[in-house]
């Protein structure tokens, strides 16, 4: 189940966190955002689906899933600039 429409303040904070730490991985987002894995995962899917962030790199690790790093796209940077003004 996807996220309908996240709160603007929380979305802005999430995008700023990605911008500040880029390229940032899932674990870092969870640790800094002080949110559970589920919440960060929902924001990642929402932002990836709308083109605000993109996978910067992906590498295989010993785990089941690859380790991905994320960064803001031009669309995400533009959204932050609009929200700032």
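At a Förster radius of 30 Å, what calculated FRET efficiency corresponds to the Cβ-Cβ distance of residue 8 and residue 68, to the nearest 0.05? It comes out at approximately 0.70.
In this structure, residue 16 and residue 37 have a Cβ-Cβ separation that, at R0 = 22 Å, corresponds to a calculated FRET efficiency of about 0.65. Treating r as the C-beta distance of residue 28 and residue 83 and R0 as 25 Å, the FRET efficiency rounds to 0.65.
Using only C-alpha atoms and all pairs of different ones, pull out the Kirkwood radius for the stretch 37-85 in Å with one decimal. Evaluated on the stretch 37-85, it is 12.0 Å.
Between the entries (i) 0.95; (ii) 1.00; (iii) 1.07, the label attached to Rg/Rh (Cα atoms, Kirkwood Rh) calculated for this structure is (i).
Each value in this text was obtained by applying a stated rule to the coordinates, not by laboratory testing. Keep in mind that what you see is a predicted model, and the values were worked out from it rather than measured. When we count neighbours, we look across all protein chains shown, and the Cβ atoms used for this are built from the backbone with ideal geometry, even at glycine.
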